[in-house]
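Student: Structure incoming, see below.
No value in this document is a laboratory result; all are computed from the given coordinates. The structure presented is a predicted model; accordingly, all values stated were derived computationally and were not measured. All Cβ positions, glycine included, derive from the backbone under ideal geometry; neighbour counts span all protein chains shown.
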Amino acid sequence: MSAVVYCRLSSKSQNNNKDISDEKNIPIEFQESICQKYCDDHNITINKVVFEISSGRVLNKQTKLMSLIRQLKTRIKFDYFLVSDVSRLTRDASAGVKLLSDLKNIKIKFFSVGDQTGYETIHEQFNVRSLLNLAQYETDKISERVKRSIEERRKIGSFIGVAPFGKIAYKDNETGIRKLNVNRYEQIIIDIINCLIHRNMHYYEIANYLNDLNIACRKKDWTSSRVKTIFIHNNKQNRNRKLTNLDKLIDSLSKITI
């Protein structure tokens, strides 16, 4: 008998968790080993293992899982589809139930090793559906708590999200409120972009120019779309911004430690 194993974590950071008693967030390699032991004990050969770093909140966004299911429906056949825990399959309860029904229809047996349940009998189906509903409830509860926290922080004037280019977010030690301040390094880059725009350079040319100078866009390479977005946003905010000599700007940039 053959099996495919699906292992999932919501984020890369969860893979650093060393508490293997926490079945919901154990590292991917431990998920695989749990399934491997089950297969060894039941004379099942693992022919494929799929690893995915993705939230389980929306099944359609679990791209590797969806690709695997399409393959199973068309050309690849296994006897078993194994996970270490039902919540590792997905936390999208209704879509998860449909997926399991699809597996059942193509004669592939689902089994959750940690939960010790399949999806063959009415009793097992009830168990798995209950576990999927619980998994969705857990993620819905976390989502609701995060939304409430964001709303409360906004009420007191705290900045939420990633600071726009040219700004830096910091926490005020006295009030505990997250605020924005000027990022001098990025402001100089904005001035450089403005200078180059007024020299009639295209966005892609500016991107190449900045990349050639090893001036990163928040640890990423510059692209024409990034240059365009930053220029348009800051041009709206600072229509009367004065142009500075390009050489002076580049020299100033080299003196700032980031």
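Student: Return the sequence-ordered ³J(HN,Hα) values of the stretch 55-69 in whole Hz as given by the Karplus equation 6.51 cos²θ - 1.76 cosθ + 1.60 applied to θ = phi - 60°, using x for Gly and Pro.
Tutor: 5, x, 5, 10, 4, 5, 8, 7, 4, 5, 5, 5, 5, 4, 4
Student: Along the stretch 199-212, what does the Karplus equation 6.51 cos²θ - 1.76 cosθ + 1.60 (θ = phi - 60°) give for ³J(HN,Hα), rounded to whole Hz, x for Gly and Pro?
Tutor: Rounded to whole hertz, the list is 9, 6, 7, 6, 4, 5, 5, 5, 4, 5, 4, 5, 5, 5.
Student: Excluding K109 itself, what net charge comes from residues whose Cβ is under 14 Å from its Cβ, given Lys and Arg +1 and Asp and Glu -1?
Tutor: Numbers: positive: K77, K104, K107; negative: D79, D102, E120, E124.
Within the 14 Å Cβ shell, the charges total -1.
Student: Work out, step by step, the length gained on full extension between S224 and N60: first 0.36 nm times the residue separation, then minus their alpha carbon distance; give nm to one decimal. If you can, show how the numbers build up before the last one.
Tutor: Details: separation 164, 0.36 × 164 = 59.04 nm, distance 3.03 nm.
Value of the extension gain: 56.0 nm.
Student: Amide H to amide H under 5 Å from K167: which residues, 5+ apart in sequence or cross-chain, H placed 1.01 Å off N in plane?
Tutor: Residues meeting the amide H criterion: N183.
Student: Report, in debye and to the nearest 20, how large the dipole of the chain comes out about its Cα centre when Lys and Arg carry +1 and Asp and Glu carry -1 on their Cβ. Mind showing how you got there, number by number?
Tutor: Values: 44 positive and 29 negative charges, 251 e Å.
Once rounded to the nearest 20, the dipole reads 1200 debye.
Student: Excluding residues on the same chain fewer than 8 positions from K248, give the lysines whose Cα lies under 22 Å from its Cα.
Tutor: Straight-distance partners of K248: K167.
Student: Could you pull out the GluC sites (Glu not before Pro) across the stretch 174-222 that fall in loop regions by DSSP (anything but H, G, I, E, B) with no more than 14 other Cβ atoms inside 10 Å?
Tutor: Values: sites: E174, E186, E205; in loops: E174.
Sparse-neighbourhood loop GluC sites (Glu not before Pro): E174.
Student: Still on this structure: So what's the chain giving for Rg/Rh, alpha carbon basis, Kirkwood Rh from the mean inverse pair distance?
Tutor: Numbers: Rg = 25.7 Å, Rh = 22.4 Å.
Rounded to two decimals, Rg over Rh is 1.15.
Student: List the aspartates and glutamates whose alpha-carbon lies under 18 Å from that of K179, not counting same-chain residues fewer than 8 positions away?
Tutor: E151, E152
Student: With each label point set 7 Å from Cα along the Cα-Cβ vector, what nm distance links I160 and S101?
Tutor: 3.6
Student: Same structure again: Explain nothing, just the number: dipole magnitude of the stretch 141-258 about its Cα centre with +1 on each Lys and Arg Cβ and -1 on each Asp and Glu Cβ, in debye rounded to the nearest 20.
Tutor: Numbers: 24 positive and 12 negative charges, 126 e Å.
Charge dipole of the stretch 141-258: 600 debye, to the nearest 20.
Student: Would you mind calculating the relative contact order of the stretch 61-137 from Cα pairs under 8 angstrom and at least 6 residues apart, reporting the percent as a whole number? Please report the intermediate quantities before stating the final value.
Tutor: Details: 82 pairs, mean separation 25.4, N = 77.
Normalised by residue count, the contact order of the stretch 61-137 is 33 percent.
Student: Hey, another quick one. Modelled label-to-label distance, L213 and D41, 7 Å Cα→beta-carbon offset: nm?
Tutor: Taking the two extended label points, one gets 6.3 nm.
Student: If you don't mind, another one. Going by amide H atoms built from the backbone, whose H comes under 5 Å of the H on V5, apart from near neighbours?
Tutor: The list, which skips near neighbours in sequence, is K48, V49, V50, L82.
Student: Moving on to the next point. With 5 Å bins from zero, work out the P(r) of the stretch 182-254 over every alpha carbon pair and list the percent per bin.
Tutor: Percent of Cα pairs in each bin: 3, 16, 31, 30, 17, 2.
Student: For Cα pairs less than 8 Å apart in space and 6+ apart in sequence, what is the mean separation divided by the residue count of the stretch 100-258, i.e. the relative contact order in percent?
Tutor: Values: 127 pairs, mean separation 21.4, N = 159.
Computed over the stretch 100-258, the figure is 13 percent.
Student: Per DSSP H run of n ≥ 4, the term is -39500 (n - 2.57); total these for the chain, divide by its residue number, and report the mean residue ellipticity at 222 nm rounded to 500 deg cm²/dmol.
Tutor: On the way: 9 runs with 124 residues, N = 258.
Mean residue ellipticity, 222 nm, calculated: -15500 deg cm²/dmol.
Student: Sticking with this structure for a sec: In debye to the nearest 20, how big a dipole does the stretch 5-136 give about its Cα centre with +1 on each Lys and Arg Cβ and -1 on each Asp and Glu Cβ? Don't skip to the answer; put the middle values down first.
Tutor: On the way: 20 positive and 15 negative charges, 147 e Å.
The calculated dipole for the stretch 5-136 is roughly 700 debye.
Student: Now for a different question. Please turn the phi angles of the stretch 147-159 into ³J(HN,Hα) values with the Karplus equation 6.51 cos²θ - 1.76 cosθ + 1.60 (θ = phi - 60°), one per residue in order, whole Hz, x for glycine and proline.
Tutor: 3J(HN,Hα) across the stretch 147-159, in whole Hz: 4, 4, 5, 5, 4, 5, 5, 5, 4, 9, x, 7, 6.
Student: Can you list the aspartates and glutamates whose alpha carbon sits under 18 Å from that of K155, skipping same-chain ones fewer than 8 residues off?
Tutor: E144, D172, E174
Student: Still on this structure, please answer the following. Angle between the Cα long axis of helix 184-197 and the longest principal axis of the chain, 0 to 90 degrees, nearest 10?
Tutor: 70
Student: Sticking with this one: May I ask which residue of I188, A169, Q125 lies farthest towards the positive end of the charge dipole of the chain, with charges of +1 (Lys, Arg) and -1 (Asp, Glu) on Cβ and the Cα centre as origin?
Tutor: Value computed over the given set: I188.
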